[in-house]
Amino acid sequence: MFNSGPGDATKLAQAYLEPFFKGFGNSLSSGWTNTAKTKKFLHFDLRISASGTQIPTADQSFDYAKLGLQSVGPQSAGQSTLTPTFGGNSNTTGAPVSIYSTDGNHTKLASFNLPSGVYNIVPAPQIQLTVGLIHNTDVTLRYMPTLNSSSFGGNNNNNNFSIDMIGFGIKHDIIQDFGTAKHLMPFDLAIAFGYTRLTYSYGLTVTPQSGGPLNQTAKPKDASQSTDFSNQVLSGKFSNINIQAIISKKLLFFTPFAAVGYNSCSTSIGTYGNYPITTGVDAAQNPVYTTYNNPVVINETSLSGLHADVGFQLNLLILNIYGSYTAASYNSFNAGIGLGF
């Protein structure tokens, strides 16, 4: 999609990835707690869980003709302009498109298919430690150490990647603040706040396009174009804020809970470095490129709104089992196990 130019590439990338942004941010916000009851002083819970967010059918495809693209259009007249998003079917081929020059000649520069779908459920991991403090308050730390290519035996090529995650949360059982009246309340009621941030980077290798009647590799449009493309990287940051009011009741070793809350997910993702983007042809109709720096940058609040949760916590001595379901514009589920007391 780079060859469609920074403006069109940004619009296409945003439309394709929007459901992923929403789903991943939503999944990051799940699994903070499964009970309103807080832990005793210095009691702890170490848990590993995973969340999955369902991308609704309406967001599994998009119409690229409605994006206001300047250089991208159908390969031939009458072709459908509907194409999968990230949440579309992986077996469905993306729409065939062509890139045309914007110099008034409408010269066809390249043809390709937009990406197919990947999956309609977006997962996210949670690894967290919760510790009880004084005054019926818990604090939680989420952490994933930086993983990169060398973590999996990779070498130092241009396609190195890295990923890391950190987050923190706090929960307070407000029923305990009512003094002797708390004994008349047959449930626990708490308010909670959580913040999670995940960062990711991946080295790219985008080189000048080959094409034209002589299948020539694109040449610089003029002498001012940079030919150094060694600094290309895809970099992203996903952050989430989750505020909840939780009610629960412990029944022996089983604790059901319900919660309502507000969730806000922000995304910042972009392609940084120099990229050779075909912008025209020379006198022999072979491609020439213009070098663009940081051609695609997306910053947005991808998802925000109210949500409702239901779930449970099962305590078996020091082993804990968790499960929950969240109803919102993007529904999600969470399941995990933990050790603690």
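Overview of results
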item	result
In segment 2-340, lysine pairs closer than 12 Å at Cα, eight or more apart or cross-chain	5
For segment 2-340, convex hull of alpha carbons as volume per residue, Å³	156
Highest average packing first - 2-10, 30-38, 321-329, Cβ atoms within 10 Å	30-38, 2-10, 321-329
Taking Leu17, Leu319, Leu234 and counting other C-beta atoms within 10 Å, the order from fewest to most	Leu319, Leu234, Leu17
Filtered chymotrypsin sites (Phe, Trp or Tyr not before Pro), segment 236-275: DSSP coil and at most 13 other beta carbons within 10 Å	Phe253
Net charge over other residues, Cβ less than 10 angstrom from the Cβ of Ala36 (K, R count +1; D, E count -1)	+2
Ranked list, fewest to most other Cβ atoms within 10 Å of each Cβ, for Asp138, Asp222	Asp222, Asp138
Folded to 0 to 90 degrees: helix 6-28 orientation relative to the chain principal axis, Cα	20
Cut-off 15 Å between beta-carbons: net charge of the residues surrounding Lys22, Lys and Arg +1, Asp and Glu -1	-3
Environment charge of Arg142, counting only residues whose C-beta is closer than 14 Å and scoring Lys/Arg +1, Asp/Glu -1	0
Listed residues Leu69, Thr301, Thr278: farthest to the positive end of the dipole of the chain (Cβ charges)	Thr301
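Values in this text are rule-based calculations from the coordinates and carry no lab data. None of these values were measured; they are calculated from a predicted model. Every residue, glycine as well, gets a Cβ built from its backbone with ideal geometry; the counts of neighbours run over all protein chains shown.
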